[in-house]
2 protein chains.
Amino acid sequence: MSDYVSMWKDLGMDLENHDLLCQVLPTAVGDVFLSQENRPKAMDFWDLVISEVHGIRPAELIKEQEKGRKVFGTFCVYVPDEVVIAANGIVTGLCGGSQFWVPDGEKVLPKSTCPLVKASVGARLGRTCPFFRIADMYVGETTCDAKKKAYEILGEDVPMHIMDVPQMKRTKDIVKWKEEIADFAKVVEEFTGNAITPEKLSEAIHIVNEKRKAMQRVYDCRKSECLPISGRDVLLMTQISFFDDPVRCAEMCNRLADELEQRIKDGVSVVKEGTKRILVTGTPMAVPNWKLHNIIETSGGAVVCEEMCTGTRYFENFVDESKTTLDEQFMALSERYMKTNCACFTPNTGRIDDLLRMVKEYKIDGVIDCSLKFCCLYDTEKYSVSRALKEAGIPVLSLETDYADTDAEQLRTRIGAFIEMLND
Amino acid sequence: MSDYVSMWKDLGMDLENHDLLCQVLPTAVGDVFLSQENRPKAMDFWDLVISEVHGIRPAELIKEQEKGRKVFGTFCVYVPDEVVIAANGIVTGLCGGSQFWVPDGEKVLPKSTCPLVKASVGARLGRTCPFFRIADMYVGETTCDAKKKAYEILGEDVPMHIMDVPQMKRTKDIVKWKEEIADFAKVVEEFTGNAITPEKLSEAIHIVNEKRKAMQRVYDCRKSECLPISGRDVLLMTQISFFDDPVRCAEMCNRLADELEQRIKDGVSVVKEGTKRILVTGTPMAVPNWKLHNIIETSGGAVVCEEMCTGTRYFENFVDESKTTLDEQFMALSERYMKTNCACFTPNTGRIDDLLRMVKEYKIDGVIDCSLKFCCLYDTEKYSVSRALKEAGIPVLSLETDYADTDAEQLRTRIGAFIEMLND
């Protein structure tokens, strides 16, 4: 990635420290992805992107900024990309998935904060992530205690807009979220200098729906008994989709889905027949957090679905494209987003409904419910998730982990035993 | 407390386990309170109440229930008592402040949940607290991740109403909270069978304001250089105020304030001249959590103010009594409650303003910012609290603790060193 050094320098990054990250990433990519056999050819796109993850896309974003476009950094699947796109803005994900960033986060946050939040804050404050340097505006939301309070600290360093996510899902809460979206639209209009018209918003809604449909197509292929792609590869695709241009993302996902559908017709599977099919649920896995998938898939299991923000919660449910006024469109957006079943809501029984449905759709043999340490929300929901799955006769393994490697062997032992139990 | 055994039996309590709690409490009360010299005589009321804390008030509540009145159990200073009182209902606090209840809470909640929430859930599920048996309805709120999710589990066992607290404090959020209060009023009317009229609500607002004024009077006495009461004694008064009848509470607080005002005139202090004056801020201290106050006041300091829910956040700010329609009254309630500066809001700069004001009002020498373990909200705010106090030249000690005694010596060392530093 050395071609990008001057760009990183211009971004005010800590080059010396960033070099350390650049040194370890290729090994991780090689170990987790390139070592796999019989991968879909269409993964070449994501292999390229991840090999220069701090170069290719950042360079594109800077080029667009030079044309006057604004980049909005987001941390949550609840922030509606459509609004930004309608104002000719660009959205990029900002979540941090590496232990590398955690120590810098711990300089300002309590150690007992989830690693995702610590890494995100650390990536900004340590100046070791170009996306965190490039974003013109950060968009936060009140989804969990840790993010909500961390944004106050981040907000001292960058322009920050906070959206207040209702904590329940009654009719009035959906209206409330619509109003937050309308307020956000005003902020985006002012910040970009571009008006959001019903036509522009309609176009943006269509773009993001097409991206969702393309991702759903890839996921649909995983429902086949003949499994044409590994969980690791789909996870990488999903993770990168938060950073990519949405039109290209849809194009690449559709290209991959074409190949996967052909593979299914041809009976090409990436795993041996009878490999146990695992659904992973819980907290998001930000780039480059591939730990759990890698352990599962090198312990005799195959991950065929992720009920998580870096998974089905990101692309399931479409926005109604039939609305023609901004007011109706904002409501359509609210209705779609409020269908996402995050543990920040109370109650969140919809997540259990989703899980039971997905267990059938994806022909799941066992569920691994894994949360990042100190994620109170998903950690507490393990109680009801595990009970509901057991009542439905689905084996479930509840785990917690962080970004450090120290628990890898312990996880491998527990996951190995779980898959062995499924094989019995 | 053996006179109450048949009552506890009727409440379906686990008598054997509860006995263990009854055995240790008198020693704790003796050590922390009765060992103090020169206490105000008016503390006799709270000494009596705490000596039979699971007897006297529970018996009263049951008597009122027999007359047809309903008891509402609450966990947060954001739930407006006025609405319940207007419908002839009774409010009782439900928070648990003892390690005794934690293991029962950990049966259903993650270990990395704050002890207050684990103890509250454990007190209910372990059937070892009469208040948790007596309450006809529980009122929860979406203030923190841990409580929000714990209520889902509690709600399987008891009738539960959740109020959605906005996470910000913009004008529209105050309107939103007003609407939550109005909805809550409907629930209370239905549950009690009593209509809430403007007259009834006006009376209830007055009752609770009078209670607040009486508590404020006691706190005002602590502003005197001649300190007429210990922090432990005021903490006990405040803790019990969550459980007591509000009219009697006001009467007893006023009786105490009369005595304290006289003491100030007479120059009667409970501490030696020059004793360092400590403000304690952070997470609430539920009965019987007296750990921190006890350590501070047996290490040469005097606690003269608590900027916490079991402190100033409970009684500061009055509800406007001039409103005559329910709609206006609900708005007046919302405006008053939204002045309370809880760390669940973002931003929460009002808390820092409060702290800087109180440091002056109470003539503070040093601030101890102490949160319960795994309270992400207050833990994260330590960063900005500590910075603001240091900028203002106020020494601050940041701590975290839980209900176990294992860290008592370590806390004593750190607090002792802090007070010694103040004395230098």
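Just so you know, all these numbers are worked out from the coordinates, no wet-lab data involved. Note that the coordinates shown come from a computational prediction; the quantities given were computed from them, not determined experimentally. Ideal geometry is used to build each Cβ from the backbone, glycine not excepted, and the neighbour counts take in all protein chains shown.
Mean per-residue shielding of peptide A:176-187 is 1, counting Cβ atoms of other chains within 10 Å of each Cβ.
Annotation: the antiparallel percentage among DSSP beta bridges lying fully within the range B:2-423 is about 0.
Sorted shortest first, the separations between the B:K186 label point and its copies elsewhere in the assembly read 2.7 nm; each point sits 7 Å from Cα along the Cα-to-Cβ line. Across the identical copies, the label point of B:L34 (7 Å from Cα in the Cβ direction) is separated from its matches by 7.5 nm, in order from shortest.
Counting, for every residue in B:140-152, the Cβ atoms of other protein chains within 10 Å of its Cβ and taking the mean gives 6. Computed 3J(HN,Hα) for the range A:354-367, one whole-Hz value per residue from the Karplus formula 6.51 cos²θ - 1.76 cosθ + 1.60 where θ = phi - 60°, is 4, 4, 5, 5, 5, 4, 6, 4, 9, 6, 7, 8, x, 10, glycine and proline marked x. Within straight-line reach of A:K172, meaning a Cα separation under 15 Å, sit the following aspartates and glutamates at least 8 residues removed in sequence or on another chain: A:D164, A:E180, A:E335, B:D164, B:D173, B:E179, B:E180, B:D183. Which distance in Å, rounded to a whole number, links the C-alpha centroids of the range B:52-69 and the range A:133-190? Using only Cα atoms, the two centres lie 45 Å from each other. This ranking places B:M215, B:M338 by how few other beta-carbon atoms lie within 10 Å of each, fewest first, which gives B:M338, B:M215. Placing dummy labels 7 Å off each Cα toward the beta-carbon, the span from A:A392 to A:D47 is 3.6 nm. Each peptide in A:8-14, A:305-311, A:88-94 was scored by the mean count of other Cβ atoms within 10 Å over its residues; highest first, the order is A:305-311, A:88-94, A:8-14. Neighbouring Cβ atoms from other chains, within 10 Å of the Cβ of residues in B:368-381, number 4 on average. Per-residue ellipticity at 222 nm computed for chain B from its helices equals -16000 deg cm²/dmol, with DSSP H segments shorter than 4 residues left out and the rest contributing -39,500 (n - 2.57).
Going through the cross-link list A:K149/B:K178; B:K111/B:K147; A:K339/A:K363, which pairs have a Cα-Cα distance over 18 Å in this structure? Exceeds cut-off: A:K149/B:K178; A:K339/A:K363. Taking Cα centroids, how far is the range B:332-372 from the range A:197-223 in Å? A separation of 46 Å, based on Cα centres.
Using a cutoff of 8 angstrom between alpha carbon atoms and counting only pairs six or more residues apart, the relative contact order for the range A:2-423 works out to 18 percent.
Kirkwood analysis of the protein assembly as shown, using all unique Cα-Cα pairs, places the hydrodynamic radius at 28.8 Å. Distances from A:E420 to itself in the other copies, using label points 7 Å out along the Cα-Cβ axis, amount to 5.4 nm in increasing order.
Peptides B:181-194, A:102-115, B:116-129 ranked from most to least packed, by the mean per-residue count of other Cβ atoms within 10 Å: B:116-129, A:102-115, B:181-194. Indicate the gyration tensor shape class of the range A:2-423 (rounded, prolate or oblate), computed on the Cα atoms with a ≥ b ≥ c the square roots of the eigenvalues: a/c under 1.5 is rounded; otherwise a/b larger than b/c is prolate and the rest oblate. Rounded is the answer for the range A:2-423, as its axis ratio a/c remains below 1.5.
Let me know the shape class of the range B:168-299, please: from the alpha-carbon gyration tensor, a ≥ b ≥ c as square roots of the eigenvalues, rounded when a/c is under 1.5, otherwise prolate if a/b is greater than b/c, or oblate. Prolate. For the range A:65-166, the square roots a ≥ b ≥ c of the C-alpha gyration tensor eigenvalues yield an a/c of 1.5 or more together with a/b not exceeding b/c, which makes the shape oblate. Among B:L154, B:I205, B:I419, flag the residue with its Cα farthest along the positive direction of the charge dipole of chain B, charges on Cβ as +1 for Lys/Arg and -1 for Asp/Glu. Result: B:I419. Residue of chain B with the Cβ closest to the rotation axis carrying B onto A, and that distance rounded to whole Å: B:D145, 2.
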